[in-house]
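What follows is a single structure, written as structure tokens, with notes after it.
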Amino acid sequence: MMKNSNRRLILASNSPRRKALLTQLGFQFEVKAFETDESFPDTLEKRLVAEYIAKQKNLFHRKKFPDDIIITADTTVIYQDNILGKPSSKDEACIMLKQLSNDTHLVVTGVCISSPDKATSFSNTTEVTFRRLADDEISRYIDECKPFDKAGAYGIQEWIGMMGVSAIKGSFFNVVGLPVDQVYVELNYFLRKNS
């Protein structure tokens, strides 16, 4: 485990994938996440939405934990300039995956890290291409993995990613939920400044 500063590190996310990635990076942290407003201005460029939401989440949690280092994140799936959110039903998940089938989309993860006297934010974009997915493959995946907590209705680390993703350009872990290389560098900077 990496020795942290004299301030607590708070992961303000309930995502088990982000928790696992941050743990694997070697940081000591606590998970303390509250539901926050994830709306954004309609005029905002789609690639900037994830970072905008991550910053809003961080501002909200800063009021709850004023003395700590806080990391927040948000991931968006963008297909033909439309953001595909978390599906609310099997039918909606099917529609999303049929859109992504045999085509390329973008996955953008925005991150915001703050201490009581400093904040930084950044985002990372990955291109993901699916081969043509058969209807029974889509149905099987949704029935077995229930991807209703995932933007774009899929997790690249799951079965559908293993058998369906034909190409990826950029960070794999960014698609999972965190651009881990950038997070590692930025968090170490914050921890050194607060030690």
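So the values come out like this:
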quantity	calculated
Mean Cα-pair separation over length for the chain, i.e. relative contact order, pairs under 8 Å, 6 or more apart, %	23 percent
Only Lys, Arg (+1) and Asp, Glu (-1) charged, at Cβ; the chain dipole about Cα centre in debye	820 debye
Theoretical FRET efficiency, 1/(1+(r/R0)^6), r = Cβ-Cβ of residue 157 and residue 37, R0 30 Å, to 0.05	0.60
Listed residue pairs exceeding 24 Å between alpha carbons, taken from 46/86; 118/169; 57/98; 19/46; 55/98; 46/193	118/169; 57/98; 19/46; 55/98; 46/193
For residue 125, solvent-accessible area (1.4 Å; no DNA, RNA or ligand), Å²	50 Å²
Fluctuation leader among 102, 174, 58 - the chain, Gaussian network, Cα springs under 10 angstrom	102
Within the chain, helix-based [θ] at 222 nm, where runs of 4 or more DSSP H residues each add -39,500 (n - 2.57), nearest 500	-11000 deg cm²/dmol
Label-zone membership for segment 149-169, site residue 140, 7 angstrom Cα→C-beta point, backbone N under 12 Å	159-160, 163-164
Cβ-derived FRET efficiency at R0 22 Å, residue 86 paired with residue 59, nearest 0.05	0.50
Relative contact order for segment 36-89, counting Cα pairs under 8 Å that sit 6 or more residues apart, in percent	33 percent
Charge dipole (segment 74-195, unit charges on Cβ, about Cα centre) - positive-most of 171, 159, 106	171
Additional length obtainable on full extension of the chain from residue 184 to residue 167, 0.36 nm per residue less Cα span	3.6 nm
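The values are calculated or read from the model by the stated rules, or taken from the named source; none is laboratory data. The structure presented is a predicted model; accordingly, all values stated were derived computationally and were not measured. Please note: Cβ atoms are built from the backbone with ideal geometry, for glycine as well, and neighbour counts cover all protein chains shown. Heavy atoms of the whole protein, side chains included, go into the accessibility calculation; ligands, DNA and RNA do not. Shrake-Rupley method; radii C 1.70, N 1.55, O 1.52, S 1.80 Å.
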